[in-house]
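Q: Can you read through this structure? Questions will come right after.
Here, each number is a calculation from the coordinates, and none is a lab measurement. These numbers were taken from a predicted model, which means no experiment stands behind them. Here the Cβ is made from the backbone with ideal geometry for all residues, glycine too, and neighbour counts use every protein chain on show.
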Amino acid sequence: MSDLIPSRPDPPERQRPAPAAEYFEHMLADRPPLRIGSRTSPMAMAQARLVQDLVAKIAGDLPTAIVGIETSGDKWMGDLAELGGKGAFLKEIDRHLMMGGIDIAVHAMKDVPGDVPMPEGTAFAAYLPREDVSDVLVVREGSPYTGLEAMPPGSRIGTSAVRRKAQLLKHRPDLHVDRLRGNVNGRIARLDAERRFEAIILNASGLRRVHMEHRITQVIPPEIRCPPVGSGVIGVQCRTADTHIAELLRLLDDPDTRTWVTTERTMLSALQGHCNSPIAGHAHTTADGQLSLLGMVFTREGGRFAYAHEWDTPDRPEELGAFVAATLLRKGARGIIDGIPH
């Protein structure tokens, strides 16, 4: 009898895993194009096109279409609190997703509130790799200033975020910081045309996405700013029942970013903050492999704040987020949050 072990026959062709493009083209065949829902602002549409391009790289010729949805938050230029906070950017898109008008929804995670549960039957199947979380200064055309340090007392700075206002006033209580809402392109246009503000503060990655990075005049020093929860992250949401779409989106998911977002949003949820609460939080993985979370809660004028910075192992994002929230609450965060009108 031969000592040779016979080679194992190849499995039938139908049992071999198909390349991703062929697989998804087959599984999602005989259906309309994959509809990608997004807000209609230039930045939101740029995010949707990014997701569309990434899907094309995975799924080959799978047809896709971007569906622009104008939300109440985009149309309203007043205080977002009067519309229920940041959820005003999401509810119409959520409704389209739940009713089948779109197949996936693209969101900037910083705009997803922590005090509103996700619609039942939906999930964020992918978080794209985190981009630059830096805040930057954009001065009006013709301004003699290029940085915060040079601006005299009383200079007017515009921002749409109570978090930015609180942290800036903590550092420079002599400045006037007022609300300026609207999409990034519109805010810069108003800055130059109205000359009401000396400068505005925006997010660096957002400016790059709409090709306005040439307007950056200063990166805000990290010691005077902590980014919002979910900053720099695009989340892609789908119905959980659409298993093939969820499987496709999971190929876009960045594991590190998912860990960081989970950590930050666990903290945000435990703090039970509302849309007017200046809550900041930033998680990252340190050079030695630890999961780090910095959390801060402010009064709207920056006069009082609670601060916590803790570390844990990367496999414990929920535990770290809950621990930092508990630490902030012990340091008075509850009183700060409850003292701000909702």
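Q: Averaging sequence separations of C-alpha pairs under 8 Å and six or more residues apart, then dividing by the length of the range 135-224, give the relative contact order as a whole percent.
A: 47 percent
Q: Residue by residue through the range 42-54, what is 3J(HN,Hα) from phi via Karplus (6.51 cos²θ - 1.76 cosθ + 1.60, θ = phi - 60°)? Round to whole Hz and write x for glycine and proline.
A: Those phi angles translate into x, 5, 5, 5, 5, 5, 5, 5, 4, 4, 4, 5, 5 Hz.
Q: Report the charge-dipole magnitude of the chain in Debye, nearest 20, computed about the Cα centre from +1 at each Lys and Arg Cβ and -1 at each Asp and Glu Cβ. All intermediate terms of the calculation are to be shown ahead of the outcome.
A: On the way: 41 positive and 44 negative charges, 261 e Å.
Here the size comes out at about 1260 debye.
Q: Using only Cα atoms, locate the centre of the range 277-337 and the centre of the range 97-145, then give the distance between them in Å, rounded to an integer.
A: 20 Å
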